[in-house]
1. How big is the protein assembly as shown by the Kirkwood estimate over distinct Cα pairs, in Å?
2. What net charge is computed for the residues neighbouring B:Leu37, neighbours being all others with C-beta under 10 Å from the C-beta of B:Leu37, Lys and Arg scored +1, Asp and Glu -1?
3. Hey, rough spin-label estimate for B:Thr143 and A:Phe2, points 7 angstrom out along Cα→Cβ, what's it come to in nanometres?
4. Please compute, for peptide B:24-31, the average count of beta-carbon atoms on other protein chains lying within 10 Å of each residue's beta-carbon.
5. Pick out the long, greasy-scoring helices in chain B: whole DSSP H runs spanning 18 Å or more along their own axis by Cα, mean Kyte-Doolittle at least 1.6.
6. Based solely on its DSSP helices, what 222 nm [θ] is calculated for chain B when runs of n ≥ 4 H residues each add -39,500 (n - 2.57) and the sum is averaged over all residues, nearest 500 deg cm²/dmol?
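Laboratory data are not the source of any read-out in this text; all were calculated from the coordinates shown. Predicted, not measured: the structure shown is a model, and the values here were computed from it. So basically every Cβ, Gly included, is an ideal-geometry build from the backbone, and we count neighbours across all protein chains shown.
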Amino acid sequence: MFNLIAVVLLFAVGIYCLLATYNLIRVLIGIEIMIKAVTLLVIFCGYQTNNLALAQAFVITVIVIEVVIMTVAVGVVVGIHRHNNTLDARNIRKLKG
Amino acid sequence: MLELFILGLLVAAAIWTVMTRSLLRSAIGLALASAILTIIMFRMDANLAAVFELSVCAGLIPVLFISVISLTHPWTFKEAIEIMKVRLARFWGLPLVVVILGTALGLVSLKFKPQLPVAQTPGPDVRFILWHLRQLDLLGQITIIFTGVFAVIILFRERK
């Protein structure tokens with residue numbers, strides 16, 4: 001039961017980070033924390049339902065997708081910094097409108 | 001009791017990751033959270049996923065973040081102090097939200113009993129599932145890795 005509470009709290013921390021920050025790197029860190037919550041939930045469900053092997057297979061897939069997403073997102077962040085010389089999301093207005 | 005302590009540590013590491021001023025410390029906090037999650041996975045006998053979590057999420061991803069922090073210009077001390085004042089105004093609510101939400105969920109969970117369908121037998125090994133039952137997942141993983149590689153090549157290509 002405590003695992004489920006920890007999952008909700010972790011997800012809430014990630015969402016709070018997404019909502020409260022303007023720094024693009026910190027936004028990615030918030031997404032990472034939310035993915036960790038999902039990973040914990042999948043493993044916990046697998047453990048509870050006696051399907052841990054299948055849960056592990058899903059978690060491995062999630063981790064691979066997570067790494068690729070982060071790599072591409074980090075590349076986008078570096079590109080934005082080169083173009084705008086800032087990581088503040090409020091200053092990125094070239095795509096506005 | 002130990003389980004509760006480790007879960008609390010995980011949430012505390014996540015809060016520290018979000019609230020700390022330095023981005024470098026944030027990246028380190030993320031690695032710490034991944035390492036604690038690895039301990040939880042090991043305790044639940046999810047050894048293969050735990051190894052992946054430790055090597056990739058606690059090793060590779062913080063390195064990626066540290067690389068991008070070093071590629072971008074860090075703040076000066078004066079800028080960091082100014083930003084810290086603004087950040088404190090935005091982030092003071094996070095521990096409060098976590099404590100209130102945790103207490104509320106703790107009270108609700110006393111009445112809530114999740115009914116999950118439990119398998120009678122443990123099922124096949126994770127390696128058998130990956131290589132024989134869910135081969136399309138592996139194909140998808142390979143595809144997404146190549147997509148990521150091409151995306152990075154396009155993002156970092158030199159302009160003529």
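1. That comes to 19.6 Å for the protein assembly as shown.
2. Once positives and negatives cancel, what remains is 0.
3. In this crude label model, B:Thr143 to A:Phe2 measures out at 4.2 nm.
4. Average neighbour count from other chains, rounded to a whole number: 2.
5. B:2-19, B:23-43, B:93-109, B:135-156
6. -22500 deg cm²/dmol
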